[in-house]
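The values are calculated or read from the model by the stated rules, or taken from the named source; none is laboratory data. Bear in mind the structure is a predicted one, so any value in this text is a computation, not a measurement. As a convention, Cβ positions derive from the backbone with ideal geometry for all residues, glycine included, and neighbour counts pool all protein chains shown. In case anyone asks, the SASA skips ligands and DNA or RNA and just uses the protein heavy atoms, side chains included. Shrake-Rupley method; radii C 1.70, N 1.55, O 1.52, S 1.80 Å.
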Amino acid sequence: MTGGSRLVGEVRVTGAKNSVLKLMAAALLARGTTTLTEVPDILDVEIMAELLRRLGCQVSHDKAVAQVVITVPDALEHRADYDLVRRMRASICVLGPLLARCGQVDVALPGGDNIGSRGLDMHIDGLERMGATVTNEHGYLIASAAALHGASIWLDFPSVGATETILMAAVLAKGTTVIDNVAREPEIVDICQMLTEMGARIEGIGSSTLTVTGVESLEPVTHRTVSDRIVAGTWAVAAVITGGDITVRNANPDHLRIALDKLTTAGAEVSSTDDGFRVVMRERPKAVDIVTLPYPGFPTDLQPQFIALNSISEGAALVTENLFEARFRFVQELARLGADVRTDGHHALVRGVERLSGAPVESTDIRAGAGLVLAGLVAEGVTTVYGASHIDRGYAGFVDQLVGLGATVEAQG
Ligand code: EPU
């Protein structure tokens with residue numbers, strides 16, 4: 001890619017990766033045919049489809065209409081193999097639904113990944129409180145429960161994954177489960193809404209406490225995936241970093257309040273539109289401090305993009321990462337483009353420089369990749385982002401959309 005173009009135009013965002021994968025897992029809870037719409041055309045959806053097929057489901061993905069249709073049989077297999085889990089950590093989200101449906105589940109342990117090893121202790125503790133026995137054998141997490149029952153569960157931290165696992169187990173458990181200190185991300189609200197449409201009884205949706213009363217069975221539904229706030233936020237940063245003017249369609253600005261407010265502080269004009277928002281930038285951005293926190297705090301999944309923005313802004317900013325420390329690894333790559341960033345534990349001090357200069361860099365995960373592409377958009381000369389397949393996992397049609405907005409970029413290999 002060659003930096004220097006101002007990005008101008010319109011982009012449309014589809015459903016959120018971090019929602020659709022869980023909605024696909026939630027489909028396991030009901031026999032019959034579930035249809036999901038606004039499904040992004042990304043590799044992770046294919047991996048999840050393959051996992052569901054191995055469990056005995058029929059899955060078809062019609063990319064032309066962004067739809068996935070899943071037919072779930074009466075009897076399911078209950079094993080998620082290592083070859084799939086190691087390719088996609090989110091495979092773990094079949095844990096709750098399979099335990100609820102089959103009374104037994106074997107899921108390969110995901111192990112570490114590029115943004116640090118991530119625990120499963122809260123998932124396990126929650127399931128144990130609901131009556132499951134959980135062991136770790138030969139690299140597999142094996143959970144079984146003759147019958148799950150309601151329980152009171154307090155999460156140490158509002159973990160997205162643990163909230164989903166416990167929720168999906170609780171909807172078919174006998175009795176009432178109260179889950180306190182749950183994650184409140186829009187993707188959690190989305191799955192709660194789908195489960196409710198399926199017949200689940202959930203109170204407190206969108207709050208820190210979910211009260212779930214188990215039901216005998218759930219019905220399949222057609223559900224529209226919530227729009228991807230992280231993709232939308234990435235486009236917002238693209239407008240600001242390039243001094244551009246981008247209208248983001250099918251986006252919900254309420255899901256991005258802090259991030260959009262930070263962009264306003266950086267000097268951007270942000271306005272709501274009929275089905276999204278518009279971001280216009282006319283000056284050099286000012287550096288903005290950010291602190292990542294569970295929703296409604298600033299999302300960790302936009303942290304690298306904001307470091308890229310701060311790297312060419314006026315002034316200095318302190319970025320604090322509270323979820324995944326290893327997310328600062330990409331800073332070394334950004335430094336190859338001339339950025340001035342120092343990290344110390346979970347803090348990064350970014351001093352804005354006048355210009356970045358193009359260079360080959362390596363992307364280590366989806367969001368780091370997005371951050372590097374944003375930096376490349378303003379770096380003088382040519383930037384080559386290696387490992388760009390990571391980016392494709394979270395951003396459907398990224399290169400085409402960038403080109404549509406006026407960037408000089410091409411995909412290789
Ligand atoms: N944690 C534990 N024990 C647990 C669960 C979590 O210690 O039992 C810790 C993790 O180690 C981590 C923190 O809690 O430090 C946050 O983990 P969380 O469970 O909230 O995150 P996740 O479910 O693993 C999802 C998204 C991430 C996103 C985070 C935070 C999916 C597939 N992944 O991960 O998305 O960053 O929530 O919002 O939904 C991405 O899209 O690039 C991505 C990494």
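Report the label-to-label distance for T408 and T209 in nanometres (one decimal), using points 7 Å from each Cα along the Cα→Cβ vector.
Reported label-point gap for T408 and T209 is 5.9 nm.
Starting at the first residue of segment 374-386, write each ³J(HN,Hα) from the Karplus equation 6.51 cos²θ - 1.76 cosθ + 1.60 with θ = phi - 60°, in whole Hz, x for Gly and Pro.
Residue by residue, segment 374-386 yields 4, 5, x, 5, 10, 6, 5, x, 9, 10, 10, 9, 7 Hz.
Between segment 118-150 and segment 19-90, what is the C-alpha centre distance in whole Å?
22
So, R0 is 56 Å and r is the distance between the beta-carbons of D83 and V280; what FRET efficiency does that work out to, to 0.05?
Numbers: r = 46 Å, r/R0 = 0.83.
Efficiency computed from Cβ-Cβ geometry: 0.75.
Explain nothing, just the number: dipole magnitude of the chain about its Cα centre with +1 on each Lys and Arg Cβ and -1 on each Asp and Glu Cβ, in debye rounded to the nearest 20.
Here the chain has a charge dipole of around 220 debye.
Rg over Rh of segment 17-224, using C-alpha atoms and the Kirkwood radius, what does it come to? Please list the in-between numbers first.
Numbers: Rg = 15.4 Å, Rh = 16.6 Å.
Result: Rg/Rh = 0.93.
Tally Lys/Arg at +1 and Asp/Glu at -1 over every other residue whose Cβ is under 11 Å from the Cβ of G369; what's the total?
Every neighbour counted, the sum reads -2.
Just to be sure I understand: with springs between alpha-carbon atoms less than 10 Å apart, which residue in A238, A147, A183 has the highest mean-square fluctuation in the Gaussian network model of the chain?
A147
Students often forget the sequence filter, so: which lysines lie under 28 Å Cα-Cα from K63 once same-chain residues fewer than 8 apart are removed?
K17, K22
From the backbone phi of segment 301-316, what are the Karplus-calculated ³J(HN,Hα) couplings (6.51 cos²θ - 1.76 cosθ + 1.60, θ = phi - 60°) in whole Hz, Gly and Pro given as x?
With the stated coefficients, segment 301-316 comes to 6, 10, 4, x, 5, 6, 5, 4, 4, 4, 5, 10, 8, 7, x, 10 Hz.
Sequence neighbours fewer than 8 away in the same chain don't count; with that in mind, list the lysines whose C-alpha is under 17 Å from K262.
Cα-Cα hits under 17 Å: K286.
Quick check: with the 1.4 Å probe, what order do S272, S5, S91 take by accessible area, largest first?
Working: S272 90, S5 30, S91 0 Å².
Accessible-area ranking of S272, S5, S91, largest first: S272, S5, S91.
In a Gaussian network model over the chain where Cα atoms closer than 10 Å are linked, find which of E354, E128, E325 has the largest mean-square fluctuation.
Between E354, E128, E325, it is E354 that shows the largest mean-square fluctuation.
Cα gyration tensor of segment 189-296, axes a ≥ b ≥ c as square roots of the eigenvalues: rounded (a/c below 1.5), prolate (a/b > b/c) or oblate? Mind showing how you got there, number by number?
On the way: a/c = 4.12, a/b = 2.28, b/c = 1.81.
It is prolate, given that a/c is not under 1.5 and a/b is the larger ratio.
If all Cα-Cα distances of the chain are sorted into 20 Å bins from 0 onward, what percent lands in each bin, rounded to whole numbers?
Distribution as computed: 28, 55, 17, 0 percent.
Please give the contour-minus-distance gain from D62 to E216: 0.36 nm per residue of separation, less the Cα-Cα distance, rounded to one decimal in nm.
Separation in residues times 0.36 nm, less the Cα-Cα distance, equals 52.3 nm.
I need the shape label for segment 55-106. Rule: rounded when a/c is under 1.5, else prolate if a/b > b/c, else oblate, with a, b, c from the alpha carbon gyration tensor.
Details: a/c = 2.40, a/b = 1.35, b/c = 1.77.
Because a/c hits 1.5 or more and a/b fails to exceed b/c, segment 55-106 counts as oblate.
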